């Protein structure tokens, strides 16, 4: 195997170097006509990016701007994900919301949807009827709309190529070609997404309404079936027919106008909750506002609950290589709060799937695996710990934030195993040398870390042994006495 890989690398280097020098490569190096054609297209694209990377208009652009002359605009972004942004030196804009989803993002979104459906089918033996999706603004501007592509594929819709248009055109995929039912989607969007993508909200709302009216059976169109169910319940609650029709087809929920978050993080951060249902209640209260199809932030917790009763899985994309799901409280706030709200309404736990799109290959996994990878690469990694403790005060504070996030993930997903808290205790508390380092760095943050471990035991997320609990309690009392002496 190693020998074959070395031969492939040798052929690859030969092809690339030959193309850079001559814009040609030896066709006999590749077996089939299709592979030669694909290779040529890839090399041509790569060569174009390579040549643009050798150019820069920075100095020229600066002088033009200082002279009060027009400086042409161009898309900014990651040169690896989008080499077309080169050469640099233009008047930059972050993204064009009118072009969301971009073609590649739509294709990757399709892969995310297929991966998630396959994961669910393997676990439960049937297709999900409805999915819960979290829409982040920064994420979709970074990926150019991968989550939108995911939503479209659940619905059985594809983006058509259109020249000279600033608005995507959508095409219905026939059920026979799709090979499965159209899956319903319930969306929670952040306040930032609401503000920068009003056109996408309008497009999705229109798609929901039209897909609900297709001449298809309920078995082939879960969105249509759920829309009918919700319409009948709204009518029974006294809604007028026109309003019930609009609300039954609405699928986008978010915070009220001017709001940008939920109370879930503050409840967890301040330990101001008794039962997990309190987190679900706070989440629903804060995201109950309907957008699209005649509504702009209309509160309707009852409508949201009707949708949550049908959700089979919750899905979110992780597109930032720098952040694991344990690194940011927004992860447990959004997909965690969503899954807990579904669990409370349905009376059963809901699977959560995280799709990692940071690399070329899209990988979808159960949130349990995402959490455990974050734990191993972060809070249990000696190099990561040493790197943080090089920063006075701030280092231990950053570790504390991961402890809090793990409590939030445990409460909202119930996918943080007891062994994780045992390892945290062993790594940071039972190890006297490490505990001394943390105390010197920030004794107050260390004190809060111990409180979080005690909380995890009290709430039942950590089944601490008698020795573990005794050792933690002794260290806690010792540190508390030390803090009081300093004060």
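The values are calculated or read from the model by the stated rules, or taken from the named source; none is laboratory data. Computed from a prediction, not measured in an experiment: that's the story for all the values here. Glycine gets a Cβ as well: all are built from the backbone with ideal geometry, and neighbour counts include every protein chain shown.
For residue 128, the conditions (1) farther than 25 Å from residue 228 by Cβ; (2) modelled with pLDDT of 95 or more; (3) assigned to a loop (DSSP other than H, G, I, E, B) are fulfilled apart from (1).
Those residues that are part of a loop (DSSP other than H, G, I, E, B) and modelled with pLDDT of 95 or more, I need them from the stretch 146-168; list them, please. Within the stretch 146-168, just 156 meets the criteria.
Annotation: of all residues in the stretch 287-303 being in a loop (DSSP other than H, G, I, E, B) and out of contact with any strand residue (DSSP E or B) (no Cβ under 8 Å at 6 or more places or on another chain), the one that is surrounded by the fewest Cβ atoms within 10 Å (Cβ to Cβ) is 294.
In the stretch 174-189, of all residues being surrounded by fewer than 16 Cβ atoms within 10 Å (Cβ to Cβ) and in a loop (DSSP other than H, G, I, E, B), the one that is nearest to the chain's Cα centre (by Cα) corresponds to 180.
Okay, residues lined up against (1) crowded, with 22+ Cβ neighbours inside 10 Å; (2) modelled with pLDDT of 95 or more:
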| position | (1), (2) |
| --- | --- |
| 280 | yes, yes |
| 285 | no, yes |
| 315 | yes, yes |
| 318 | no, no |
| 338 | yes, yes |
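Residues of the stretch 199-226 that are more than 23 Å from residue 128 (Cα to Cα) and without any contact (Cβ under 8 Å) to a residue 40 or more places away in the chain: 203 alone. Taking the stretch 448-477 on its own, how many of its residues are over 17 Å from residue 268 (Cα atoms) and surrounded by 13 or more Cβ atoms within 10 Å (Cβ to Cβ)? The number of residues fulfilling the criteria is 9. Tell me whether the stretch 234-241 contains one or more residues that are in contact (Cβ under 8 Å) with a residue 60 or more places away in the chain and closer than 27 Å to residue 168 by Cα. No, that holds for no residue.
Residues checked against (1) outside any helix (DSSP H, G or I); (2) more than 16 Å from residue 264 (Cβ to Cβ):
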| position | (1), (2) |
| --- | --- |
| 338 | no, no |
| 343 | no, no |
| 359 | yes, yes |
| 371 | no, yes |
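Regarding residue 216, is this residue assigned by TED's automatic domain parsing to the domain that holds residue 140 and in a helix (DSSP H, G or I)? Taking the combined requirement at face value, the residue does not satisfy it.
Scanning the stretch 235-246 for residues that are under 20 Å from residue 308 (Cα atoms), in contact with a helix residue (DSSP H, G or I) (Cβ under 7 Å, 6 or more places away or on another chain) and surrounded by 22 or more Cβ atoms within 10 Å (Cβ to Cβ) turns up nothing.
Of the candidates 230, 235, the single residue that is under 15 Å from residue 186 (Cβ atoms), part of a helix (DSSP H, G or I) and either modelled with pLDDT of 95 or more or over 30 Å from the mean Cα position of the chain (by Cα) (or both) is 230. Of everything listed in (1) outside any helix (DSSP H, G or I); (2) under 27 Å from residue 19 (Cα atoms); (3) touching a residue at least 12 places away in the same chain (Cβ under 8 Å), the single unmet condition for residue 80 is (3). If you go through the stretch 282-318 and pick out every residue that is within 20 Å of the chain's Cα centre (by Cα) and touching a residue at least 40 places away in the same chain (Cβ under 8 Å), you end up with 12. Can you say whether residue 192 is touching a helix residue (DSSP H, G or I) at 6+ places or on another chain (Cβ under 6 Å) and part of a loop (DSSP other than H, G, I, E, B), as far as the supplied structure shows? For residue 192, the condition - touching a helix residue (DSSP H, G or I) at 6+ places or on another chain (Cβ under 6 Å) and part of a loop (DSSP other than H, G, I, E, B) - is not met. Assess whether residue 392 counts as being closer than 20 Å to residue 350 by Cβ and either not in a helix (DSSP H, G or I) or not assigned by TED's automatic domain parsing to the domain that holds residue 434 (or both). So residue 392 does not fit the description; no.
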